[in-house]
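So the structure is just underneath, and the comments pick up after that.
The values are calculated or read from the model by the stated rules, or taken from the named source; none is laboratory data. Since this is a predicted model, take the numbers as computed values, not measurements. Heads up, the Cβs are rebuilt from the backbone with ideal geometry, glycines too, and the neighbour counts pull from every protein chain shown. Each accessible area value is taken on the protein alone, full model and side chains, heavy atoms only, with ligands, DNA and RNA left out. Shrake-Rupley method; radii C 1.70, N 1.55, O 1.52, S 1.80 Å.
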Amino acid sequence: MEILDKRYKKIYQKLVERNNVYLNLKHKLEKNAKEKFGDDIFIRYELDPQFDLSKLDEKFFYSKVVQETSLPYSNRIFDELIATEKYPVTNYFNLNTDDKNVFGTYLIAKSKNGKPLLFAFSVVRDKKKKDNFSIKLEFSPQGKTWIDILRLDSNDSEHINYFKNGKLAKSEEEITLEPTPHIHKNSEEAQVLFFDRLQDSPTKTLPFIERKIQGNIKQTFKYCLEYFLRYSGLNANINPNLNENLEFGFNNPLFDYSSLRFYSKAKEFSK
């Protein structure tokens, strides 16, 4: 049985064409990003010391922010961004809609040079189907824009993965369908090849979590969250007042308030 229908075959063929001119395409995308965000956006992605953390608000979490400009950072940088230890900062934001619970918090971390980095962590969870949620980590270079770093999908349709070992699949036979729960990890290749579909990134299923879920479906969210926190370097304690299913809400945030750090300016974290 073929994995790709006619539509996805066209997408793959377009990716192959782009991959054949990869370096030229990457150069054009870097030039575009520099024109928009500054010539140093790829060499200095930390916050300015005077960046005002106190102005970070809930709007980012309550409205869907879509990346519009490709930022093809090297995979080494993506790995460093994921690995660095991160702390919740300024506040927790909770929103209850008719069908969703949303939790968000900004994160502060240090680059390998000891300078402050800005991230955002968020969870969007179905109110009725508690095992249907998405957990996301995003990064803001210089505080100017946002780019997805990691996303874990728990209960969605299978996603097509066009990559193998970090590179574009050499043939349709190498393309895979990745069932949930799966994790999306951004990469240089994804930012270049999917420059007009920046929500797409390499996908990998998490069979070890699936095995745990089969043993205790009520703790699906807990298993996925704990894995995501370890993987993303996020240093936060889960709110001990939540029930077994970690049902967070407006007056009961996902993380304990003891995890929060309070800084006004970015430079305060660098001390």
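A compact table of results
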| item | result |
| --- | --- |
| Whole-Å distance, taken between Cα centres, linking the range 99-171 and the range 40-73 | 14 |
| Label-point separation in nm, E173 to K31, each point 7 Å along Cα→Cβ | 3.9 |
| Gyration tensor (alpha-carbon) shape descriptor, the range 188-248, a/c threshold 1.5 | prolate |
| Residue-averaged [θ]222 nm for the chain, counting only DSSP H segments that reach four residues, each worth -39500 (n - 2.57) | -8000 deg cm²/dmol |
| Solvent-accessible heavy-atom area per residue, rounded to whole Å², over the range 186-271 at 1.4 Å | 51 |
| Which labelled figure in (1) 61, 39, 35; (2) 51, 48, 31; (3) 44, 42, 34 is Cα extents along the principal axes in Å, once derived from the coordinates | (2) |
| Whole-Hz couplings from phi, Karplus 6.51/-1.76/1.60, listed for the range 166-177; x for Gly and Pro | x, 10, 4, 3, 6, 7, 4, 5, 8, 6, 10, 9 |
| Fluctuation leader among A190, A169, A109 - the chain, Gaussian network, Cα springs under 10 angstrom | A169 |
| Amide H contacts of K100 (H built 1.01 Å from N, under 5 Å, at least 5 apart or other chain) | K127 |
| Net charge over other residues, Cβ less than 14 angstrom from the Cβ of N235 (K, R count +1; D, E count -1) | +1 |
| Solvent-accessible heavy-atom area per residue, rounded to whole Å², over the range 1-125 at 1.4 Å | 55 |
| Within the accessible area of the chain (1.4 Å probe), percent carbon and sulfur | 48 |
| Cα-based shape type of the range 44-126, given that a ≥ b ≥ c are square roots of the gyration tensor eigenvalues and the cut on a/c is 1.5 | prolate |
| In Hz, Karplus ³J(HN,Hα) per residue of the range 236-249 (6.51, -1.76, 1.60; θ = phi - 60°; x = Gly, Pro) | 8, 9, 5, 4, x, 7, 7, 7, 4, 8, 6, 7, 7, x |
